[in-house]
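What follows is one structure encoded as structure tokens, with my remarks underneath.
The values are calculated or read from the model by the stated rules, or taken from the named source; none is laboratory data. Since the structure is predicted, the reported quantities are computational estimates derived from the model, not experimental observations. So basically every Cβ, Gly included, is an ideal-geometry build from the backbone, and we count neighbours across all protein chains shown.
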Amino acid sequence: LVDGPRVHFIDFDDMGYGFRLFDLATTLYKAADEPDFESLQAALLAGYAAERPLPDLTPLPLFIVLRSLTYLGWIADRAGEPGMAERAARFMALARRVQGRYLP
């Protein structure tokens with residue numbers, strides 16, 4: 001949606017009431033393999049903080065890991081569809097990398 005100089009995005013696929021940290025985690029999960037991930041995370045959080053106070057960020061790494069697992073669940077429901085084996089392998093590899101970054 002465009003409102004003058006501002007652009008607003010709506011993702012109805014993940015729409016619902018829930019933890020705002022999960023919304024932030026969804027965005028950060030998508031950028032997990034970017035070489036400048038730390039800068040992207042800082043920019044996302046700064047942008048968020050410009051509009052509303054940030055929640056407690058302590059559990060954010062856990063939410064990123066949980067987001068990686070939701071994609072595996074999504075794939076499991078579609079295992080028989082064309083191309084899903086390759087997609088599942090990519091999602092699993094990314095989930096392992098994300099978990100390796102945040103879990104002991």
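Brief remarks on what is shown
- Test result for Glu51, modelled with pLDDT of 90 or more, exposed (fewer than 10 other Cβ atoms within 10 Å of the Cβ) and of a type in the set (Asp, Glu): yes
- Any hit, segment 1-15, residues being of a type in the set (A, V, I, L, M, F, W, C), loosely packed, with under 10 Cβ neighbours inside 10 Å and in a helix (DSSP H, G or I): yes
- When Asp56 is tested against the conditions (1) outside any loop (DSSP other than H, G, I, E, B); (2) closer than 30 Å to Arg6 by Cα, the lone failure is (1).
- Some residue of segment 25-47 being modelled with pLDDT of 90 or more, surrounded by fewer than 11 Cβ atoms within 10 Å (Cβ to Cβ) and either β-branched (Val, Ile, Thr) or within 16 Å of Val98 (Cβ to Cβ) (or both): yes
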